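Below is one structure, written out as structure tokens; comments come after it.
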Amino acid sequence: MHAQSLQAILDAGQPVAAHRPWPRFVVTPDIWNTLIEGLADSAWTLLGLWGELGLVHLAVHEEGSGMLGVASLPCPAGCFPSVGRRHPPAQRLERTIADLVGLQPVDAPDIRPWLDHGRWPVRYPLGAATAPTTTMPPYRFLAVEGESLHQIPVGPVHAGIIEPGHFRFTANGEAVARLEQRLGYVHKGIESLLNGATLERAARLVGRVSGDSTVAYALAFARAAEAATETEVPARAHWLRALMAELERLANHCGDIGAICNDAAFALMLAHCAVLREQILRASAAGFGHRLLMDRVVPGGVAADLSVEGVSVLQSLVAEIRRQFPALVTLYDNTASLQDRTAKTGFVKPTLIRQFGCGGYVGRAGGRAFDARRTLGYPPYDVLKFEIPLRTDSDVNGRVWLRICEVEQSLSLIEQILQKLPSGPVRVALKTPGQPCESLALVEGFRGDILLWLRLNGDGTVARCHPRDPSWFQWPLLEAAIEGNIVADFPLCNKSFNGSYSGHDL
Amino acid sequence: MHKLLLQNLWRSPMTIPAPAPSEQALAELGAQVDQAARRRLGRSLAIRQVDAGSCNGCELEIHALHNAFYDLERFGFHFVASPRHADVLLVTGPVTANMREALERTYAATPDPKWVVAVGDCGRDGGVFAGSYACVGGVAEVIPVDLHIPGCPPSPTQLLEGLLALL
């Protein structure tokens, strides 16, 4: 345990007015360094690290006290003490700050560019944007030395229907000695597009950070906008949002369970799970008017109410999945040839999972019991009954089982919501803030916890918005998971993580 | 008899020059071969999907084409792992600057004749991401596009309708 509590350390800084619901403090380099030491000692968990012109922000969560806070360090000299030097999970985030904002982490162990591939017409698009004056040298992959090693470069265009990214394998025969990822190929400049956007446009953009998590992202943005403007959302809207979030979790988990088994050449599971997924998407479209539920969660509430017919469609869906799913679970459990591929494959050390504050099924399959729905208890999860499944095997098999357990929990949550759904309005107009205001939101997507930081101008437009995907703290662990495994098991490991490229690249 | 042979030897042959083949017969035969080929080989397209910066929404719906409800392969479509095996490139996304070269090289690696289908509102003109420093904006900005299938994302049915029009 760290000598001082997070609250005590942050209190030494200058509190920022109108930052809700958790506080933000402008801190000195000394406080900043104390926070870094706390991260390195596992006294608190890194939630996010991002920058803007002349300022770098660090969001942390202290598990014991439940304290969440943001520390902001002014960078008059264009640099800040590296967090990654003492706490590796921050390294890619720092490289991103250097790329997008131009603030340099001092004494950082890795200063290679990350999202900037030298192909944009601008440098530091979120900082003092300038035209590039020099061409970027070719990317240097980390050196791997030893006899009989060979390299396998994969991507950015992959063999399947998946997002682009580059994987550089160094293998010794069949065994992977090192995997190095290079991401950033789908960087769309979303944070720049958000600057100055109206709330309506910003909600659409944030809803497309990662298409598979559109509900969770839209929810994070809506909750942040509502916290900043101190707008109370009607109860029915909270419940409908949770309903959509659970439908999204259900659809993705069903798809993933099938796809993981398919990567072990067990196509039967994929065929059946894909049917379940399709039924969920069709029920979502029948209930809310969009298969993936895009643009349904909006600041102030939801854009589509659920009709009585919609309720019965979703009730039938739950009954149908309850009828079909157990046989698939038994099939998975009883197929030894499949378990032979998934058990003990892609193991991630629980110490790494804790260090990286890794969320979602990757974190919970490795013993880290964090789930924003439970830990923060935002409505209506505070009054719903559900368990947070937890495992310690931390391999592909564990991540499959964790999803199976979460499917069962989501079915129960959907049933409870449909039974207790309060009546009333589903949307209110957002208050115009009048003066700049800020907020932080943390919600549980199917992949893990999504952090979103927001600053609004007085007229209600976005001044700065930073969404942080759960994949930031999962992708690096995939590099660890594959070590010592055979190259042919990489698709299995990768699919069991199902990291987001788009959510990470922004 | 010798005289007769000698005369024939000195005389030019009576055989008329070969006529050009009948246009009508050729057309008829050609149609038959074409029909046989289409019956045996045709109505089949190999598709290579390229994500050039999408949010992954379009990929989810393209995946859905494989499920038992849509069963894409009954129409002769199948997805291939290499552009060298492809007739069609199915491209999604607003084409990020970081993916531009990969898309160009994938196109160059696809043998002629080839078609390019741009999927989604992003593939048409950049969609919600149009105007970003990091996006080129629309597949047609980078490679020639034969067909657009709009939608955000297009549903599997819309995707099927577009692909069937290509056959």
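The values are calculated or read from the model by the stated rules, or taken from the named source; none is laboratory data. Everything numeric here is computed off the predicted structure, so don't read it as measured data. Here the Cβ positions follow ideal geometry from the backbone for every residue, glycine too, while neighbour counts run over all protein chains shown. Just so you know, the surface numbers come from the protein's heavy atoms only, side chains and all, with ligands and any DNA or RNA stripped out. Shrake-Rupley method; radii C 1.70, N 1.55, O 1.52, S 1.80 Å.
Quick notes
- Environment charge at residue A:223 (Cβ cut-off 11 Å; Lys +1, Arg +1, Asp -1, Glu -1): +1
- Its relative contact order, with pairs defined as Cα atoms under 8 Å and 6+ residues apart, puts chain A at 17 percent.
- If you take all other residues with their beta carbon under 12 Å from the beta carbon of residue A:378, and give Lys and Arg +1 and Asp and Glu -1, the sum is -1.
- Computed over chain B, relative contact order equals 21 percent, with contacts defined as Cα pairs under 8 Å that lie 6+ residues apart.
- Here residue A:174 sits with roughly 110 square angstrom of accessible surface, probe radius 1.4 Å.
- For the range A:264-337 and the range B:124-158, distance of Cα centres in Å: 28
- Measuring nothing but how far apart in sequence close Cα pairs (under 8 Å, 6+ apart) lie, relative to its length, the range A:1-74 scores a relative contact order of 32 percent.
- Rounded to 0.05, the FRET efficiency of the residue A:128 and residue A:30 pair, given R0 = 35 Å and the Cβ-Cβ distance, is 0.85.
- Backbone HN-Hα couplings from phi across the range B:48-53 [Karplus 6.51/-1.76/1.60, Hz, Gly and Pro as x]: 10, 8, 10, 8, 9, x
- Charge dipole of the protein assembly as shown (Cα centre as origin; +1 on each Lys and Arg Cβ, -1 on each Asp and Glu Cβ, all else neutral): 860 debye, rounded to the nearest 20.
- Farthest towards the positive end of the charge dipole of the range A:197-468, among the residues A:348, A:417, A:271, is the Cα of A:348, using unit charges on the Cβ of Lys, Arg, Asp and Glu.
- Within chain A, the whole DSSP H helices whose Cα atoms reach 27 Å or more along their own axis and whose mean Kyte-Doolittle score is at least 0.5 are A:267-288.
- For residue A:22, distant residues with modelled amide H under 5 Å away: A:440
- In this structure, the amide hydrogen of residue A:297, modeled 1.01 Å from its nitrogen in the peptide plane, lies closer than 5 angstrom to those of A:303, counting only residues at least 5 positions away or on a different chain.
- Where labels lie 7 Å past Cα in the beta-carbon direction, separation of residue A:340 and residue A:175 in nm: 2.1
- Nearby aspartates and glutamates by direct alpha-carbon distance to residue B:114 (threshold 17 angstrom, same-chain neighbours under 8 apart not counted): B:87, B:104, B:146
- Net charge dipole size for the range A:401-467 [Lys, Arg +1 and Asp, Glu -1 on Cβ; Debye, nearest 20]: 240
- The HN-Hα couplings worked out from phi for the range A:128-136 by the Karplus form 6.51 cos²θ - 1.76 cosθ + 1.60 (θ = phi - 60°) are 7, 4, 9, 6, x, 9, 10, 7, 6 Hz, whole numbers, x standing for Gly and Pro.
- Rounded to the nearest 10 degrees, the inclination of helix B:100-109 to the longest alpha-carbon principal axis of chain B is 20 degrees.
- Taking the helices alone, chain A has a mean residue ellipticity at 222 nm of -12500 deg cm²/dmol, built from -39,500 (n - 2.57) per DSSP H run of at least 4 residues and averaged over all its residues.
- Taking all protein chains as they are arranged and a probe of 1.4 Å, the heavy atoms of residue B:3 leave approximately 150 Å² accessible to solvent.
- Cross-link table A:188/A:495; A:431/A:495; A:344/A:420; A:420/A:495, entries beyond 32 Å C-alpha to C-alpha: A:431/A:495; A:344/A:420; A:420/A:495
- Cα gyration tensor, the protein assembly as shown - rounded (a/c under 1.5), prolate or oblate: prolate
- When you filter the trypsin sites (Lys or Arg not before Pro) in the range A:421-468 for DSSP loop state and at most 16 other Cβ atoms inside 10 Å of their Cβ, you are left with A:431.
- Theoretical FRET efficiency, 1/(1+(r/R0)^6), r = Cβ-Cβ of residue B:74 and residue B:6, R0 51 Å, to 0.05: 0.10
- Using R0 = 30 Å, the C-beta based FRET efficiency linking residue A:232 and residue A:369 works out to 0.50.
- Converting phi to 3J(HN,Hα) with the Karplus coefficients 6.51, -1.76 and 1.60 and the offset θ = phi - 60°, the range A:77-86 yields 8, x, 8, 8, x, 4, 7, x, 4, 9 Hz in sequence order, with x at every glycine or proline.
- Listed residues A:67, A:96, A:21: farthest to the positive end of the dipole of the range A:6-106 (Cβ charges): A:96
- Each of the chymotrypsin sites (Phe, Trp or Tyr not before Pro) that DSSP puts in a loop and that has at most 16 other Cβ atoms within 10 Å breaks chain A; the longest unbroken stretch is A:142-506.
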